[in-house]
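I have placed the structure first, in the form of structure tokens, so that the comments after it can refer back to it.
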Amino acid sequence: MIYTIETIPAKIFFKIQETGDTSLLSDESGLDTAKIWAEIEAHAGDDKNPINQKILELSKKIQRFSVRLEAITNAVFYLKNKPDEDLITMLLEYGYTLSIDNIEQDLERIARESQSLKIRIDKYTLDLDRIIPKQKGKATSYEDLYIWYLSIVEFGYESSNKVLYLDFKGLEKQVNAKIKSLDNNGGRR
């Protein structure tokens, strides 16, 4: 069998990307697997942005959401002890609702809702780990990423060995849409 973009399992796609071993594309001898791989990569469209640009984009997102989560957490903590117009304005600008009559309940709700920012931070960190291996070990494995994606979109578990690359990319698009939906809600679910 010779794999194409329609038939290549995601596990094999990422293994070839990681190792460069294009012989995994077919068990037939005498084939130009490098050419086959080039065609698959061209159809995959993963290389539209240079690696450095992806690293920079992901790092910015992680930093932005980490700062936002810390700001919200600190604002909620401070506002539980003392009213502050600037902090209330900041929370309102992030899209949260606050009323003076129910400030304690609203602050508790904001604290809970802001934890959705952790989902985004974790997602972008996993994406970054796929690109840059950790200093102590290796990058996030395809299997770990796949299981995490399934948990985010609340699908049941499927064997990661049988998932086609195009199916994996579809799942990734669903996760990204869910993350974007969270982004559009200003950190609220």
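Throughout, read-outs are computed from the coordinates displayed, never taken from laboratory work. Predicted model, so just to flag it, every value in this text is computed and none were measured. Using ideal geometry, Cβ is built from the backbone for each residue, glycine included, and neighbour counts are taken over all protein chains shown.
Worth pointing out:
- The range 140-171 and the range 68-89 have their alpha-carbon centroids 37 Å apart.
- Highest mean first, the peptides 169-176, 28-35 sorted by other C-beta atoms within 10 Å per residue fall in the order 169-176, 28-35.
- Helix 10-19 and the longest principal axis of the C-alpha atoms of the chain enclose an angle of approximately 80°.
- Computed per residue of the chain from DSSP H runs no shorter than four, each worth -39500 (n - 2.57), the mean residue ellipticity at 222 nm is -21000 deg cm²/dmol.
- Legend: translational diffusion of the chain by Stokes-Einstein, Rh = Kirkwood radius over C-alpha pairs, 4 °C, 1.567 mPa s; D = 68 µm²/s.
- Highest mean first, the peptides 68-81, 97-110 sorted by other C-beta atoms within 10 Å per residue fall in the order 68-81, 97-110.
- Inter-site label distance for residue 15 and residue 122 at 7 Å from Cα along Cβ, in nm: 2.8
- Straight Cα distances below 18 angstrom link residue 80 to the aspartates and glutamates 70, 101, 104, 106, 108, 113, with same-chain residues fewer than 8 positions distant left out.
- Reciprocal mean inverse distance between Cα atoms of the range 51-116 - Kirkwood radius, Å: 12.8
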